[in-house]
Structures are given as structure tokens and as C-alpha cells.
Amino acid sequence: MDPFDDSYARVIVEHALAVRSGQSVLIEAGQAAEPLARAVHRRVLEAGGHPAVQLLPNGWIEAKAECASDAVLGEADPLKLAWYERVDCRVTLLALENVEQLAHLPPARAAASETGRLRAVHVLVDRDARGEAVWCGAQYPTAAYAQAAGLSLDGYRDLLGRALKLDQPDPVVAWRVQGERQDRLIAQLAQVDELRIVAAGTDLRVRVGGRRWVSASGRHNLPDGEVFTGPHEDATEGVVTFAMPSAWGGQRVEGARLRFEAGRCVEAGAASGATFLQAALDTDAGARTLGEFAFGLNEAIAEPTLDTLLDEKIGGTVHMALGSSYAVTGGTNTSALHWDLVCDLRDEGEVYADGTLIQRNGRFLGDFA
Amino acid sequence: MTDPRLVRYAQLICEHSLAIDESHSLLVSTPPAGGPLAVATAREAWRRGARVSVSMAPEWSRSDRLRDGSDAQVAYLDPAALETVERFDRWLFVWAPGNTSELAGISSERDAAMARSRKPWSDRHDERETAGELRWVGAAYPTALGAQTARMGTAAWERFVYSALLLDEPDPVAAWRALSERHERLIDRLTGVRELRVVSDRTDLRVNVEGRPWESCAGAANLPDGEVFCCPPQGGVEGEIVFDVPSLQNGRVCRDVRLRFDAGVVVDASAALGEDVLLARLDTDEGARRAGEFAIGTNQMVQRAVGDTLFDEKIGGTCHLALGSSFPLLGGDNESAIHWDLICDLRSGGRIEADGEPLLVDGKLMV
């Protein structure tokens, strides 16, 4: 077996899902990730679990977004629901063969496709919050991701391997250490009421006092490395510019600029993809409010790959999501949308906590370091 | 680009086999090799307004579990898998053969234990089907390994399979409906017949079919298809028959299986090749020595045996007889763990007589 796959499988089964004997484990995977799916399947068997594998056929998502009725496209997949309502653990191995598979479609169709996916995922997220299930999404190196990141497949695989800590002597231990560092940061952030982000085109205030900060250190996302919370729904004020491109439901937006008043986005523009940005904001009533605010803390990821899962983890960035909040943070915003937008603070960026500078040029200062 | 034959195949499945509309939820169950047919069929079903989900499990998910799993892991049936039976009313099983030796070295006892664990699933599936709540079709998809089993090139096998599916016809759905009408005429002729006599070079067999309902198979549950069959009563088979179309059993070939029936029971059996396999299967249980089905193959686009029963039993101008279990819905009362279709070629010098009148001569139906 490929050592990359086997090492990755160990992180998934031992660290992310922490599979125990007798647990049922659903392994979902893009067809390209079949080798990793098999490695995970073997490790689950070794752990005494009950693995089931469901591959996603190449072309399925695109075909559905093209052919399904609006109603069917926007609802949860009934097979996924049957599983998500029952399994103890579920991992999805993300392995797109074309990251632009929905780019030719009307934005509303792409958005409906993502809405339908999230409707099923929410069942798992809710069960996870109640301690009934564990879910994880894990990125697998494909030529599509490599091309989007401007890298060779080998180059992308190396980057992903570092971001996953597979280059460390014991990746599972390395993730535990990352988690401890994040816990120390959270101890400081828990005392903060207002965060102010200042950078080129950005001066934004979010209120986080009384909300819970959550450490993401390889349980739900792989790669991982962030701490996040759900900001007060009515308090976000100011302007934020996201220089990094961002994709949602297969549609890309570059240079998005949002202005908030009393928690709601009242003005939005973008260098490209403005139409889709507007469509996303009009998804529903909650789509104009931030559901998440987070610091990226993975130092092994330096360059944007045009893939939110990785970009939002870049050490020295913050990201915020339009749409639904995670109940665990105390956030109360609901929406079919959850769209992460990343703001790079490594070049002349500053973060203030209740007026005190705690991060400059992407580096935490003082007690926050 | 999607192979245009696949688009026609998908239309055939959705229109003719499953009659899919916006009220339905279709589950496509396929191995990875069948992905293109799964996606093509889903496109057609989505266009008809249906919900469509896919369950694509690789072969190794079964073989690794059988090889490395504990007894408890082998015998585990996930409650979610059981629940899926309740949530879908249309099922497509894509039959896209992989490596027929994937389970080599695994004890058949473990395989049987896994099969037993699936019984609540298949029982519930059957129950819903019988209640008219659920329809399913199994559809062949040509793969390189399927071609290898048929001892053909991959592209040649694709042509063979699509031809057998009547996809070369101008309107495949109309072609299957036409076959269905031919079946109805044949069944009209067979209804009221007391005894069929199969005569060929080394065959002279009498099958009592009096009062037994005949079933038409014209693409509703199998693709390709093309046969009419009934379940003879226990004790209703007399004489001798040689099945000259080879039968592949778990990687072993049985050739020229010869059976002699006395009062419905096999009393003498031999085979030119694979006789040990034959004798072992006859000893499976009491019902394994009795016929559970007698059928006439009617697909004129299948004209050569390829070692896959799904195709071979449909060859126009053959008949087949199954040792083992029968179909209770058709009055069959033979029970067995096996259902083994054995095929007799009647295309050169063979005939079937219906109460003494010629019904099929040299493979051609006289209806």
C-alpha cells in the first residue's frame, strides 16, 4: 500500500474519527480516492469497526445539477439521509476530477446543488453536536486540485502531505500538539468581546463576547488548523475585502467586498463573479449574516490553492462565513448557505482585541502567541 | 461524451423496465466499472423528475471484509442498508462484472455467512416487490473482464451486449414491446398444453406443464432478456436431456451435463467436464435434484453462448431447465438453496412438441 494513503488513513481512523470497536463507519469517496478509501477501510476493520464504502461516480454531481428538477436538486439525497441518520462515523474523501464541474451552469442551479448537499450534511452535523456521530471531510490529491493550485500533482501531493502533517514522525501526535496550541489561543480569545480586523480595503468589527470558540484540529476537516466561533448576529460593522478567490457550489468569486451594518451585509461587490455573489446573498434571510469567524493556524500551508478547505487554514489569515452558524459556538444564524471567505492578513494586516493589537502581519503577539 | 448507445440504454431502463416518473425514488446499485451506465440512467431518471441516489461499492470492500474481518464483521448488516429498502421504490442493479476470481482463497463458509446476514434485506425487498411497492431491474454493462469471460475483445463484447439489448434497433423500447407481444402469442399457444416433449440428438425429455401459468420475460427485470418460463409440478419430468451449452459455476466449467429424470427426480447424472461440480450441486439438498423451472429462450439477437447464463439462457432457439428452487407465485413448490439454469441448444435438429404438435423446430418457433 502507498505509505501516503496508509499514513493518511491512520490520521482519519485514529485521530479524526477515533473509531472504536463495533462502530459503523461510512466511507464516502470520489472515485479517484479509491486507494485511500481502501486504506481507511482496512484500518477500520483493524479497529473492530463496521466499514461501508460508497464511491461517488465520476460525473454524478454535474449530471444531477444539469438534469434534476429544482425541487430534487435542492433536497437531501435520500440514500445519504438513510445513512447519516444512523452511522456512528462518516468520512468523505474529497477527490474532484474537475473543480469547475458546475461552472457552466446558471448560478442558481450551482447554489441549489450545494444546498441539497448541505441539507443532508446538517443531519450529521446536528448528530455530531449531540455526541451521536462523528463526521470528517478529507482532501485527496487529484490533478484537478493540483491544476487549480498551479502545481504539479506531485507538488500538490507534497503540499497536502505537509498540511496533513504526514511528514511528521508521528502525524497523530503532531495533530494532538496542534490541538494543544489552539486550546491555549482559545483561552485568550474567550476573554475578548470585540475583534477588529484592519487591512487593505478592510476595517471590520465583529462581536464575539459570550460566544464559544471551537478548536478545529483534524476532527472534521483534513487538512485542518483553525479556531472559530459564531459572532453576534446583529453586531458586525464595517467593510471587508477578500483578495483571495473563493468558490461556493462550483462558482468562483474574486475580490469580493462586503459592507455590514448591524450584522447584515448591506452592500456587496466583486471583481468577478458578482452575479453569483448576489445570488448567494439572496439564498434566504440568513445568508447576509456572518455565521462564523475564524483564525487560520496551519503554518504548513503558505500559498493559496483556490480551495477553501485549505486556504481558510493558512496560518495568518482570518475567514468568515456568510450563512449558517454552528450551534456549538452559540451562534444562532440559520441559512442554507455557509460560504467561507478568506482574508489574508500576512501583508500589513492587524487584529485588535477590545482595542489591543494581538496580531500583526499574520503573527500573534503577546499572550496570544 | 456519453456513448449514444448508453443514452438509449438509459431510456430503455427508465421507460420500459421501470416506468419512472416524478413520483419515484430510484436507487442505482453498481460496481465502479458500471459508473457510466449509472450516470446515464440517473440523467434520464432526473429528467423525468425522479429522485436518484447511487450506491457504488468496490469489489474489495467485500473481499477485504471476508478476508480480514472477524466473524462479527463478516456477518454485520448495517441498519442503514436495511433502511434503504424502505426509501426507494425503483432499483437498478448494474451488472458490470469484475474479476470473477476476486474471492479466490476465501472460504465459501465465510461468503455464505455474509450472504445469510443479507437475508433480512432480501426478505424485505421481496416483500415490498410482492406487495407491488417496488420494482427492480438488473442490467448488464459490458466491461473488459466480462469480455474476457466471454473470450472476446472488449469492443466486440460491447457490440454483442448492446445488440442483445436490442439497442441497434431503430426504437429499442418498441422492439422490446414487440418481443413482449410475441411472448403473449407463445403463451396463448402454451396455455392449455399438458405436456412438452424436448427432442434432440441425445435428448428425449417430457415435462408436465398442465395448468401451470407461463411467465413472459421481456425486459422488465432482466436486461438483456427474452424467455418464457413456467414451474413444472414436482414429479412432472421424465426422460433424459443433455445440456450442450457449457455452464460456468464459481470459475469451473460444466460441459455436456446429462441428466436422467424418473418421476421428476434426477436419478442419473454425468458431465464431460466438471462432473464433480455437478454431483456436488445435486447433493446440495433434496430440492436440488428436481426441476424448478422450464423455459424457452427467445432473444434472436443472442446467437452464441458466452459463458454467462444471463445471456446464454436467452439464446433464441434454446430451452433451459433449472435445478432447484421454483417460483411460488407461478405455482412452483420446489424448494432448494440452488437455482441452476442449464441450457439445451435446439437450433440444429432439435424440437419441442406440445401435446404431440410441433412447437419449435430447429430452433424456430412455430407460433
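Overview of results
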read-out	value
Ratio of the Cα radius of gyration of region A:3-140 to 2.2 N^0.38 Å, where N counts its residues	1.08
Euclidean distance between Cα centres, region B:35-53 to region A:266-335, Å	33
Backbone N within region B:323-367 under 14 Å of label point (7 Å from B:Arg206 Cα along the Cβ vector)	B:353-357
Hydrodynamic radius (Kirkwood) for region A:261-343, which is based on Cα pairs only, to one decimal in Å	13.5
Percent of beta bridges antiparallel (DSSP, the protein assembly as shown, rounded to nearest 5)	75
The protein assembly as shown: mean projected area of Cα convex hull, nm²	32.3
Nearest-0.05 FRET efficiency for B:Glu86 and B:Val253, computed from C-beta distance (R0 51 Å)	0.80
Estimated dipole of region B:174-365 in Debye, rounded to 20 [Cβ of Lys and Arg +1, of Asp and Glu -1, Cα centre]	460
A:Arg360/B:Asp268 FRET efficiency (R0 56 Å; Cβ-Cβ; nearest 0.05)	0.05
Value at 222 nm in deg cm²/dmol, rounded to 500, when DSSP H runs of n ≥ 4 in the protein assembly as shown each add -39,500 (n - 2.57)	-9000 deg cm²/dmol
Reachable aspartates and glutamates, given that their alpha-carbon falls under 14 Å from the alpha-carbon of A:Lys64 and they are not under 8 places away in the same chain	A:Glu75, A:Asp77, A:Glu114, B:Glu44
Region B:271-367 - convex hull of the alpha-carbon atoms, volume per residue in Å³	130
Isotropic mean projected area of the C-alpha convex hull, region A:149-215 (nm²)	7.0
Per-residue average of Cβ from other chains inside 10 Å of A:44-56	5
Order of B:Phe229, B:Phe160 under a 10 Å beta carbon neighbour criterion, fewest first	B:Phe160, B:Phe229
Normalised convex hull volume, region A:59-183, alpha-carbon set, Å³ per residue	139
Cα-derived Rg to Rh of region B:16-175, Kirkwood definition	0.99
Selected from B:Ala144, B:Val302, B:Gly332, residue furthest toward positive end of dipole (chain B; charges at beta carbon)	B:Ala144
Estimated distance in nm for a label pair at A:Ala190 and A:Glu46, the labels positioned 7 Å out from Cα along Cα-to-Cβ	3.6
Sorted by Cβ density within 10 Å, fewest first, the residues A:Glu100, B:Glu109	B:Glu109, A:Glu100
Convex hull volume per residue for region A:180-368, taking Cα atoms only, in Å³	104
Spatially proximal lysines relative to B:Lys119 (Cα-Cα < 21 Å; intrachain offsets below 8 disregarded)	none
Euclidean distance between Cα centres, region A:86-106 to region B:152-218, Å	44
Mean-position separation - Cα centroids, region A:140-212 and region B:326-367, in angstrom	69
Two-decimal Rg to Rh for region B:174-365 - Kirkwood Rh, Cα set	0.93
Neighbouring partner chain Cβ atoms per residue of B:76-83, average, 10 Å criterion	6
Test item: B:47-55 mean partner chain Cβ contacts at 10 Å	6
Virtual spin-label span in nm between A:Asp70 and B:Glu357, 7 Å along Cα→Cβ	6.1
Sequence-distant lysines (8 or more away, or on other chains) whose Cα lies within less than 25 Å of B:Lys364	B:Lys314
Exposure proxy ranking, count of Cβ atoms within 10 Å, fewest first, for B:Ser17, B:Ser270, B:Ser348	B:Ser348, B:Ser270, B:Ser17
Local net charge near A:Ala243, Cβ-Cβ under 12 Å (Lys/Arg +1, Asp/Glu -1)	-3
A:Val172-B:Asp71 pseudo-label distance in nm [points 7 Å out on the Cα-to-Cβ vector]	2.8
DSSP-defined beta bridges in chain B - what % are antiparallel, rounded to 5	75
Calculated P(r) tail over 37 Å for chain B, as whole % of Cα pairs	19
Where a label projected 7 Å from the Cα of B:Glu15 along Cα→Cβ would reach, residues of region B:130-174 with amide N under 11 Å	B:170-174
Highest-first arrangement of A:92-98, B:42-48, B:355-361, where packing means the average Cβ count within 10 Å	B:42-48, A:92-98, B:355-361
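Readers should treat all values here as calculations from the given coordinates under stated rules, not as data from a laboratory. What you see is a predicted model, and the numbers here were worked out from it, not measured in a lab. No Cβ is skipped: glycine too gets one built from the backbone with ideal geometry, and neighbour counts run over all protein chains shown.
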